[in-house]
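The values are calculated or read from the model by the stated rules, or taken from the named source; none is laboratory data. Values in this document were obtained by computation on a predicted structure and should not be read as measured data. Here the Cβ positions follow ideal geometry from the backbone for every residue, glycine too, while neighbour counts run over all protein chains shown.
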Amino acid sequence: MQKITVLGAGYMGSAITFPLSDNGNKINLWGTWLDDEIIESSLKGFHPKLKKPLPENVSLYYWQDMKPAVEDSDIIFIGVASEGFVNVFKMLLDNLNPEKEYYFFKLTKGLVEYNNKVSRATEAARDMFNKQFTGKNFNWTSIGGPVRAFDLSERMPAATTYGMSDEKIKKLISSFSTDYYRIFPNYDVKGTEICSTLKNIYAVSAGICDGIYKKESEGKYYNLLSFLFNQAVKEMSKVINIAGCNQETIYDLAGVGDLHVTSIAGRNRKFGELVGKGVPGEEAFKQMLEEGEYAEGYFALKLVIPWLVQSATKEMINEFIEKELPLLSTLRKIIIEGGKPSEELKKLILRLGY
């Protein structure tokens, strides 16, 4: 039995406690300052998001209790929203024992703002860790999909990919994997992480289609969904190529697999549906947030352009996006710039194929 701490009591942070605990591990689940109601309800025996009790061997901690939540653990799963990742990771480092060796498993999917620039969460975490624990090993895993939290908590079969920084991390996986939670390791940490970010953005397009067409034409626009899904994969592949990652990552679980499940059932699809119905992007994001739903795709879409610009000029990136990433460009026009969803989608369809 191992002692594992999970940071973030939302959907995925809480859902991962099911396979971890089913392997006999002792789990500490720590909630952020936004999770107080979740922790309170779970202490009474009912997780309000997953609609069920958490496993019996899960101990619950409020945000003020970070130190006792991590003091006996050397395995840390991080499942907080990308917007809060940097602050939570700083808080985590302040409560770790500098004499111990730790293993970090990142469930968070998205880009972060760190040191006045946009970074991958892993880059920010590595920099913070190295500054505080000079000379210590940074044992890191970026977890991809496709895993929907609610299904995982139902113990429905799922396959996931773990992008690992070191071979020795592979030895720990047997204590996480179950007959319903199957783990496939890879060594493309960067590619796995970028795919996890991009799929949240591109999945919004499926929701936009639902918002535009579902009411009047339900079941009659699968061709369009497939068309956009294929375009999303092509564009993700181009970004991965620019980043110098393994192209196979796109066509495996972290890419195509995770894009598929997010497009048909994720929160980003729901966000897109609101936008497709005419709700402005920022308003749709806030509306979901008030309901306890975080649309990572919105935050990622706002940050992806600055992230790309850091390696080139804004003019070059805008030209590249317009020419090579037309679906991403369309999503930006609809969600960030306030373009009419049906009109921008029609313009996109006319552009593709030439």
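Of note:
- Scanning the stretch 273-314 for residues being in a helix (DSSP H, G or I), among the small types (Gly, Ala, Ser) and within 16 Å of the chain's Cα centre (by Cα) gives a total of 2.
- There is at least one residue in the stretch 89-106 that is part of a strand (DSSP E or B), touching a helix residue (DSSP H, G or I) at 6+ places or on another chain (Cβ under 9 Å), surrounded by 23 or more Cβ atoms within 10 Å (Cβ to Cβ) and not aromatic (Phe, Trp, Tyr).
- Criterion (within 22 Å of ALA121 (Cα to Cα), surrounded by fewer than 24 Cβ atoms within 10 Å (Cβ to Cβ) and either in the same structural domain as ASN25 (by TED's automatic domain parsing) or not hydroxyl-bearing (Ser, Thr, Tyr) (or both)) met by exactly one of ASP166, ASP151, ASP179: ASP166
- Filter pass, SER14 being touching a Lys or Arg at 6+ places or on another chain (Cβ under 8 Å), under 22 Å from ASP151 (Cα atoms) and of a type outside the set (Val, Ile, Thr): yes
- Among the residues listed as GLY45, GLY84, the single one being farther than 25 Å from LYS171 by Cα and either in a loop (DSSP other than H, G, I, E, B) or not assigned by TED's automatic domain parsing to the domain that holds ALA121 (or both): GLY45
- Some residue of the stretch 118-130 being touching a residue at least 24 places away in the same chain (Cβ under 8 Å) and either part of a loop (DSSP other than H, G, I, E, B) or more than 29 Å from PRO306 (Cβ to Cβ) (or both): no
- All positions within the stretch 226-265 that are part of a loop (DSSP other than H, G, I, E, B) and either in contact with a strand residue (DSSP E or B) (Cβ under 7 Å, 6 or more places away or on another chain) or at positive phi (or both): GLY244, ASP252
- Every residue from the stretch 4-24 that is more than 12 Å from PHE176 (Cα to Cα) and not in a helix (DSSP H, G or I): THR5, VAL6, LEU7, GLY8, ALA9, GLY10
- The listed residue being of a type in the set (Ser, Thr, Tyr) and over 28 Å from ALA232 (Cα atoms), out of SER174, SER142: SER174
- Count of the stretch 158-216 residues, restricted to those that are β-branched (Val, Ile, Thr), within 25 Å of MET1 (Cα to Cα) and touching a strand residue (DSSP E or B) at 6+ places or on another chain (Cβ under 8 Å), is 5.
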